Amino acid sequence: MKNASLPRRRFDVQKWSSNLARNWALRVPAIRRLYESRNAIDVELHSLIARLETSATPEAASPFFHYNASFDPIEVIRRHAASGLQARQGYVTNFLGVVIDPKIYPSSLSGLAGQIDKIPIPRNWHADIAEWGAALRAVDLACDTFTVIELGCGWGCWMNSTGVAAKRKGLNVHLIGVEGDRGHLAFARETCESNGFHGSAVTLIHGIAAGQAGTALFPRQDVPGTEWGSQPIFNAGVAERLKAVKSGKYDELPMVSLAEIVAPHSRIDLLHIDIQGGEADLISTCLPTIAEKVAYLVIGTHSRQIEGRLFETLLQAGWQLEIERPALLRLGMAPIVHIDGVQGWRNPKLLP
């Protein structure tokens, strides 16, 4: 017996179109949210890849992976890493192509002359993902020219590293460094020369960066490069200053105001501040000057209290925190900072 034919269902085009439209309307917000979050997903993905790539090493659980960022610092570091680097005799060459004389940092660089340093993921001998990523982020955001000021410049790491990266990008570069240690300032001058920065492209100031002019005492070193955490003494009386200088253990140096340092320049693309605990005071005192002329701030922080003060001051002034890794502590009778923190801030008035 043949089966009876099933009745055909009438296809309702209008109803089908209506259902399709309704279903898409329900899905569009979810699709939009996914699209808007893709940058955050990319950041997390790159961080995950970096962790997996280093999972076989002791650094896999490194605290230097524990940063917060609104951009991908690992991608930034890898993109700026120079290809085809050739080692230079007598120098250590970093991943950007910056050459460094090992005498500058003998505790870390002794015996490494003629070698190329590793890419700093999660860190190298000088800094970690967060600080390298923040400094190179400023290079990415610069156009035509790149002017960097490094307060507490030491041997000029951030001047030279960002300067070399900016020069490779085709920017016209000006490096400015302020340092209290006479020997370290000589290192900075030598490093600039070794990396091709000469004459008017470099400004080095022997003094103490401060919110206002004055005089401070700064410890002398017998052998430059053995101590990198010296702190100035402010507000010393005349008798104390005379005694300190006479002892041969201190130099009496001018306090150079940030307003004076930036005055000749219409725009500072990167201001790197590492002044051994005076960061929050400097930012608070000089905020109008910084807001007017500084596009990007990278700050080495020396306590959680300083980090909190910077949050309060800069967020209230409308700055955007783009990356941060807190200072790392050792806990005992009292918390002690054993590795400085870092913050990277974008000025929305100059970088909308």
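Among 259-267, 319-327, what's the highest-first ranking by average C-beta atoms within 10 angstrom per residue?
Taking the mean over residues of other Cβ atoms within 10 Å, the ranking is 319-327, 259-267.
Taking the Cβ of Asn68 as the centre, find all other residues whose Cβ is under 9 Å away and add up their charges (Lys, Arg: +1; Asp, Glu: -1).
0
From the phi of every residue in the stretch 115-125, what ³J(HN,Hα) in whole Hz does the Karplus formula 6.51 cos²θ - 1.76 cosθ + 1.60 yield, where θ is phi - 60° and glycine or proline is x?
3J(HN,Hα) across the stretch 115-125, in whole Hz: 10, 9, 6, 6, 5, x, 10, x, 6, 10, 5.
Answer rounded, prolate or oblate for the stretch 179-275, using the Cα gyration tensor with square roots of eigenvalues a ≥ b ≥ c: rounded when a/c is under 1.5, else prolate when a/b is larger than b/c, else oblate.
Oblate shape, in that a/c is at least 1.5 and b/c is the bigger or equal ratio.
Place the peptides 114-122, 194-202, 178-186 in order of packing, highest mean first, counting for every residue the other Cβ atoms within 10 Å and averaging per peptide. Write out the running numbers ahead of the final one.
On the way: 114-122: 17.2, 194-202: 13.9, 178-186: 21.7.
Going by the mean number of other Cβ atoms within 10 Å, highest first, we get 178-186, 114-122, 194-202.
Let me check I've understood the local charge: for Ile205, count other residues with C-beta under 10 angstrom from its C-beta, Lys and Arg +1, Asp and Glu -1. What total comes out?
Cβ neighbours under 10 Å give a net charge of -2.
Would you kindly state how much longer the chain becomes between Arg168 and Ile119 on full extension, computed as 0.36 nm times their sequence separation minus their alpha carbon distance, in nm to one decimal?
15.9 nm
Could you please state, rounded to a whole Å, how far the C-alpha centre of the stretch 78-97 is from the C-alpha centre of the stretch 262-296?
30
Report, by chain and number, residues whose modeled amide H sits under 5 Å from the one on Gly177, excluding near sequence neighbours (fewer than 5 apart, same chain).
Glu150, Thr203, Leu204, Ile205
Apply the Karplus parameterisation 6.51 cos²θ - 1.76 cosθ + 1.60, with θ equal to phi minus 60°, to every residue of the stretch 144-155 and state each ³J(HN,Hα) to the nearest whole Hz, in sequence, with x for glycine and proline.
3J(HN,Hα) across the stretch 144-155, in whole Hz: 6, 10, 9, 10, 10, 10, 10, 8, x, 6, x, 8.
As a quick test, which of the pairs Lys243/Lys293; Lys246/Lys293; Lys169/Lys349; Lys167/Lys249 have an alpha carbon distance above 28 angstrom in this structure?
Exceeds cut-off: Lys243/Lys293; Lys246/Lys293; Lys167/Lys249.
Quote the accessible area belonging to Leu329 in square angstrom, nearest 10, computed with a 1.4 Å probe and with ligands, DNA and RNA left uncounted.
60
With θ set to phi - 60° and the Karplus curve 6.51 cos²θ - 1.76 cosθ + 1.60, what are the ³J(HN,Hα) couplings of the stretch 190-196 in order, to the nearest whole Hz, using x for Gly and Pro?
5, 5, 4, 4, 4, 9, x
The values are calculated or read from the model by the stated rules, or taken from the named source; none is laboratory data. Everything numeric here is computed off the predicted structure, so don't read it as measured data. Heads up, the Cβs are rebuilt from the backbone with ideal geometry, glycines too, and the neighbour counts pull from every protein chain shown. Only protein heavy atoms, including side chains, enter the accessible area calculation; ligands, DNA and RNA are left aside. Shrake-Rupley method; radii C 1.70, N 1.55, O 1.52, S 1.80 Å.
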